[in-house]
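Take a look at the structure set out below.
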Protein chains: 2
Amino acid sequence: MTHAARFDGMDWTDAPCPVARTLDLVGDRWSLLIVRDAMDGARSFGDFQHRTGIARNILSDRLRRLVERGILDRQPAPSGRRQVYVLTEAGRDLFAVVVAMRQWGERHAFAPGEVHSVLVDDDGLPLAELRPTDSHGSTVTTDTTTVVPPHDD
Amino acid sequence: MTHAARFDGMDWTDAPCPVARTLDLVGDRWSLLIVRDAMDGARSFGDFQHRTGIARNILSDRLRRLVERGILDRQPAPSGRRQVYVLTEAGRDLFAVVVAMRQWGERHAFAPGEVHSVLVDDDGLPLAELRPTDSHGSTVTTDTTTVVPPHDD
DNA sequence: GCAATCAGTTGCATTTTGCTACCAATCAGG
DNA sequence: CCTGATTGGTAGCAAAATGCAACTGATTGC
């Protein structure tokens, strides 16, 4: 699909806000879990179904939508199975979003002592904490940032 | 509310995965937009209603849920208005998630040349790109990381 | 060929969402 | 005090999304 094709027929919740548009594309209950599993090696319909436990018809619909939206690519399988779903560049680029959610969940959605899965690098070590920074590398927060509306000079 | 109270009565989609738990807490269509607006200064019911355009009954429900889940705090207003909703520490900590979504949206959800709002620091400059790294600061991707399941040694 | 498995689709019940109207409390003016 | 406007919701109902179970059609293994 062409880049432009992703933008036809979409009706955005809040046109000029990138957060709203991202949520329009992957902001439902299941899409990011599908992306998470694709990042962790899931490829076939059955892979996704087993890992997420999502209903088959909804999974079918979500895979189709994610392909339409340029986040997954549906490819004929090299052998055997009918096709596989692989992340596009845009899909892989959601890594930062998934990591941010994972780290927030680790900090705020588990009782003390409760176990959870961990994302590790090639050395088996957990990642560094994602920290929003300005262009010089200093940490920024909601108190030191502002949203400026779009304008066409 | 106590820390533990957030975990009572929750039925998690995928207990051991922090991504799934985060989505259980803020993964619906509206919660993160409410959080986004709270980060940008919204405080009252009306603020949120006008900025998001969400239906009043749903907004009412989402605000209640976000308070229950420890992301917003409902405080009596200093004067006049009945109460205000302010982010808790956990809510403010969602900043990295919102920034990651904003940056992804900027890269992938706008046609070339299309305008959008921008998040800037105190100097008016856009933030640096969030980049997942290992503990030494080297960039990691989905190809160089793995999810390891929970285990109790 | 025959059974099993995979990748979906279809139909229907349940749940969630959204719209509109309504209501209660405050507030400002006179 | 009375009136009207604004804020912060709730109630009822229609529409949409979701989930479950059963079914289909192609492929694979034996």
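Go through A:PRO150, A:ALA128, A:HIS50 and say which Cα lies farthest out towards the positive end of the charge dipole of chain A; charges sit on Cβ, +1 for Lys and Arg, -1 for Asp and Glu.
The residue sitting most towards the positive pole is A:HIS50.
Mind listing the phi-derived Karplus ³J(HN,Hα) values for segment A:134-142, rounded to whole Hz, using 6.51, -1.76 and 1.60 with θ = phi - 60°, and x for any glycine or proline?
Coupling constants for segment A:134-142: 7, 5, 9, x, 7, 4, 10, 10, 5 Hz.
Once you've got the GNM for chain B with C-alpha springs shorter than 10 Å, pick whichever of B:VAL118, B:VAL98, B:VAL26 has the biggest mean-square fluctuation.
The residue with the greatest mean-square fluctuation here is B:VAL118.
Taking amide H positions as placed in the peptide plane 1.01 Å from N, state which residues far from A:ALA128 in sequence (5 or more) or on other chains have amide H under 5 Å from it.
Distant-sequence amide H within range of A:ALA128: B:THR133, B:ASP134, B:SER135.
Name the long-range amide H neighbours of A:VAL118: under 5 Å, sequence gap of 5 or more, or other chain; modelled H, no Pro or chain starts.
Correct list: B:VAL148.
Fully extended, how many nm does the chain gain between B:GLU89 and B:GLN49 (0.36 nm per residue separation, minus their Cα-Cα distance)?
That pair, B:GLU89 and B:GLN49, stretches by 12.1 nm at full extension.
Under 5 Å between amide hydrogens, which residues at least 5 positions from B:LEU87 or on another chain qualify, with H placed 1.01 Å from N in the peptide plane?
B:ASP73
What does the charge dipole of the protein assembly as shown about its Cα centre add up to, to the nearest 20 debye, if the Cβ of each Lys and Arg holds +1 and the Cβ of each Asp and Glu holds -1?
I would put it at about 1220 debye.
Output, in nm with one decimal and in ascending order, the distances from the B:THR141 label point to the matching label points of the other copies (7 Å from Cα along Cα-to-Cβ).
3.5
Considering the rotational relationship between chains A and B, which residue of chain A contributes the beta-carbon of minimal distance to the axis, and what is that distance to the nearest Å?
Output: A:ALA100, 2.
Per 0.36 nm of contour for each residue apart, how much would the distance between B:SER138 and B:ARG56 grow if the chain were fully extended, relative to their Cα-Cα spacing?
Length gained, B:SER138 through B:ARG56: 25.0 nm.
Would you mind calculating the relative contact order of chain A from Cα pairs under 8 angstrom and at least 6 residues apart, reporting the percent as a whole number?
16 percent
For chain B, what is the calculated [θ] at 222 nm in deg cm²/dmol (nearest 500), taking -39500 (n - 2.57) for each run of four or more DSSP H residues and dividing by its residue count?
For chain B, the value works out to -10500 deg cm²/dmol.
Residue by residue, what Karplus-based ³J(HN,Hα) values in Hz, rounded to whole numbers, does segment B:92-101 have, using 6.51, -1.76 and 1.60 with θ = phi - 60° and x for Gly and Pro?
Whole-Hz 3J(HN,Hα) from phi for segment B:92-101: 4, 5, 6, 3, 4, 5, 5, 5, 4, 5.
Can you pull out the trypsin sites (Lys or Arg not before Pro) in segment A:63-153 that DSSP calls coil and that have at most 13 other Cβ atoms within 10 Å?
A:ARG81, A:ARG82
Take chain B, connect every pair of alpha-carbon atoms lying under 10 Å apart with a spring to form a Gaussian network, then pick out the residue of B:PHE45, B:PHE110, B:PHE95 with the largest mean-square fluctuation.
The residue with the greatest mean-square fluctuation here is B:PHE110.
Laboratory data are not the source of any read-out in this text; all were calculated from the coordinates shown. Computed from a prediction, not measured in an experiment: that's the story for all the values here. With ideal geometry, Cβ positions are generated from the backbone for all residues, glycine too; neighbour counts draw on all protein chains shown.
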